[in-house]
Amino acid sequence: MTALPVARRLGHDFSDKKLLRTALTHRSFGTPNNERLEFLGDGILDCVIAAALFHRFPDLPEGDLSRLRANLVRQDTLHRLAVSLNIGDCLRLGEGELKSGGAQRPSILADALEALLGAIYLDAGFEMAFAVIAKLYQPLLDELKPGQVQKDPKTSLQEWLQGRKKPVPRYVLLEATGAAHEQRFEVACEIDTPSLRTIGHGASRRIAEQAAADKALKELKA
């Protein structure tokens, strides 16, 4: 399927169509692929979101701004945005990834979106990349409210326990499987008082820890 509809939904007409094609090419398909563009797009996205939050919330301290940015650029958020753009329909994947559902895998979709942002920067410069990201994130930015900063599950769990003078949790890596670029992690969140153990899974150890912490916090609050 042609990649042009994705570019139109992002609001950018690529001068260099090779950049668009590369941004939508997973490493399983061959080379050139989108890994370097994803690296570039990740940095640009961090910069643009940081600037947007800095100007939108002039009174928020650094810690709250950092948590907001982390929430906006995490894999889950990027995945939802990628799905809304139908990026999966335009990905170029190897036969194995196609058969295993790679076009719907959150990590692949999130990386492809960041690669597209990197490609836009190379094609038209920082101002265009800034404009595309600002438009893409406008609905999410509009939903944010000062004073209601969403903390990550690990921070929320630790604060919940400390507020009740309980020991902080431990995170234990149980298993890491898969090839280096497609690993899956299983992590346990262990709490002594009250006695609780939850398991989280994710494409990185950090994501798995957050998932385990989220389960623990929900069980404690229930």
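The values are calculated or read from the model by the stated rules, or taken from the named source; none is laboratory data. Just so it is clear, the model here is predicted, and its values are computed rather than measured. Cβ placement follows ideal geometry from the backbone for every residue including glycine, while neighbour counts extend to all protein chains displayed. Calculation scope for accessible area: heavy atoms of the full protein, side chains included, ligands and nucleic acids excluded. Shrake-Rupley method; radii C 1.70, N 1.55, O 1.52, S 1.80 Å.
Answer yes or no as to whether Gly63 is among the small types (Gly, Ala, Ser) and touching a helix residue (DSSP H, G or I) at 6+ places or on another chain (Cβ under 8 Å). Criteria not met by Gly63. Residue check: Leu78 meets all listed conditions (1) more than 12 Å from the chain's Cα centre (by Cα); (2) touching a residue at least 24 places away in the same chain (Cβ under 8 Å) but one, namely (1). Just a yes or no: is a residue in segment 211-221 open to solvent by 90 Å² or more (accessible area, probe 1.4 Å), within 21 Å of Glu62 (Cα to Cα) and among the acidic types (Asp, Glu)? No, because not a single residue in segment 211-221 is open to solvent by 90 Å² or more (accessible area, probe 1.4 Å), within 21 Å of Glu62 (Cα to Cα) and among the acidic types (Asp, Glu).
In segment 121-138, how many are over 17 Å from Lys17 (Cβ atoms) and open to solvent by 80 Å² or more (accessible area, probe 1.4 Å)? The qualifying residues number 3. The sole residue among Leu116, Leu161, Leu91, Leu173 that is free of Cβ contacts under 8 Å to residues at least 60 places away in the same chain and more than 30 Å from Pro61 (Cα to Cα) is Leu173.
Just one of the numbered conditions (1) farther than 30 Å from Lys17 by Cα; (2) touching a Phe, Trp or Tyr at 6+ places or on another chain (Cβ under 6 Å) is not true of Lys145: (2). Restricting the first member to segment 44-56 and to residues that are over 12 Å from Tyr137 (Cβ atoms) and in a helix (DSSP H, G or I), and the second to residues that are at pLDDT 95 or above and open to solvent by less than 40 Å² (accessible area, probe 1.4 Å), the beta-carbon pairs closer than 6 Å and six or more apart or on different chains are Ile44/Leu117; Ile44/Ala129.
Each row is one residue, and each column tells you yes or no for (1) polar (S, T, N, Q); (2) open to solvent by less than 40 Å² (accessible area, probe 1.4 Å); (3) modelled with pLDDT of 95 or more; (4) in contact with an Asp or Glu (Cβ under 7 Å, 6 or more places away or on another chain).
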position	(1), (2), (3), (4)
Ala3	no, yes, no, no
Arg9	no, no, no, no
Thr31	yes, no, no, no
Phe39	no, no, yes, no
Cys47	no, no, yes, no
Arg56	no, no, no, no
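With the condition kept exactly as written, say whether any residue in segment 174-188 is within 18 Å of the chain's Cα centre (by Cα), part of a strand (DSSP E or B) and among the aromatic types (Phe, Trp, Tyr). Among the residues of segment 174-188, at least one is within 18 Å of the chain's Cα centre (by Cα), part of a strand (DSSP E or B) and among the aromatic types (Phe, Trp, Tyr), which makes the answer yes. Selection of segment 96-106 for residues being touching a residue at least 60 places away in the same chain (Cβ under 8 Å) and open to solvent by 20 Å² or more (accessible area, probe 1.4 Å) yields Gly96, Glu97, Pro106. A Cβ distance below 9 Å, combined with a sequence gap of six or more or placement on separate chains, defines the contacts here; from segment 1-24, residues that are at positive phi reach no residue that is outside any loop (DSSP other than H, G, I, E, B) and hydroxyl-bearing (Ser, Thr, Tyr). Exactly one residue out of Leu78, Leu72, Leu109, Leu93 is modelled with pLDDT under 95, farther than 22 Å from Leu4 by Cβ, of a type outside the set (Ser, Thr, Tyr) and open to solvent by less than 70 Å² (accessible area, probe 1.4 Å), and it is Leu72.
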